[in-house]
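The values are calculated or read from the model by the stated rules, or taken from the named source; none is laboratory data. Nothing here was measured: the structure is a model prediction, and the numbers come from that model. Reconstructed Cβ throughout: ideal geometry from the backbone, glycine too, with neighbour counts over all protein chains shown. When the accessible area is computed, the model is the full protein with side chains, heavy atoms only, and any ligands, DNA or RNA have been set aside. Shrake-Rupley method; radii C 1.70, N 1.55, O 1.52, S 1.80 Å.
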Amino acid sequence: MAIRVWDVRAAAAGAGAAVGVDVLTERVMPARRADGAALGLLTAAAIYPAARRRGFGTVGEKAVLLAAGALVAAAVALPARRMQLLGAGWIAHAGFDAAFHPHDDSRIPSWYPAMCAGYDVALGARLLS
């Protein structure tokens with residue numbers, strides 16, 4: 001499978017957005033950084049099933065949303081590991097993005113999975129650092 005230039009650009013744009021959002025969050029409301037990362041992860045996991053034209057996601061999409069919820073719950077329960085758990089969750093979500101292929105039942109545009117994967121990896125790496 002060839003990597004398309006458009007995918008690389010979309011991933012770079014997503015990574016840039018993640019860095020920008022995280023830097024701004026660190027400067028403006030650092031005490032809410034983990035909360036924002038947790039809420040964002042749940043939102044990212046909900047986008048794919050919510051974008052279905054019929055119904056609310058496949059079994060796999062619902063499983064990813066459930067796993068993200070469980071990971072966020074674990075991050076809340078384990079404050080000493082919060083950033084590591086959230087960082088790992090964001091990076092794991094990039095794997096879901098990479099496996100997604102646009103189709104007729106989804107409103108997800110073709111550029112979105114690469115952009116989301118770039119965002120996910122960049123934010124996950126920042127949270128782990």
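Numbers for the structure displayed
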item: Meets criteria (touching an Asp or Glu at 6+ places or on another chain (Cβ under 8 Å), in a helix (DSSP H, G or I) and within 16 Å of Leu128 (Cβ to Cβ)) for Ala94; result: yes
item: In the range 18-55, the residues that are without any contact (Cβ under 8 Å) to a residue 24 or more places away in the chain, under 19 Å from Phe100 (Cβ atoms) and in a helix (DSSP H, G or I); result: Thr43, Ala46, Pro49, Ala50
item: Top-ranked residue in the range 86-106 [being of a type outside the set (Gly, Ala, Ser) and open to solvent by 50 Å² or more (accessible area, probe 1.4 Å); ranked as nearest to Arg126 (Cα to Cα)]; result: Ile91
item: Filter pass, Asp22 being of a type in the set (Asp, Glu), modelled with pLDDT of 95 or more and open to solvent by less than 20 Å² (accessible area, probe 1.4 Å); result: yes
item: Per-region count, the range 75-85, residues buried (at least 16 other Cβ atoms within 10 Å of the Cβ) and in contact (Cβ under 8 Å) with a residue 40 or more places away in the chain; result: 3
item: Out of Ala10, Ala15, sole residue that is closer than 16 Å to Gly124 by Cα and in contact (Cβ under 8 Å) with a residue 40 or more places away in the chain; result: Ala15
item: Candidates Val72, Val64 - the one that is part of a helix (DSSP H, G or I), surrounded by 19 or more Cβ atoms within 10 Å (Cβ to Cβ), out of contact with any His (no Cβ under 8 Å at 6 or more places or on another chain) and not small (Gly, Ala, Ser); result: Val72
item: Residues being surrounded by 17 or more Cβ atoms within 10 Å (Cβ to Cβ) and either among the polar types (S, T, N, Q) or touching a Gly at 6+ places or on another chain (Cβ under 6 Å) (or both) - total across the range 41-61; result: 2
item: The range 1-53: number of residues that are among the β-branched types (Val, Ile, Thr) and farther than 26 Å from Ser110 by Cα; result: 3
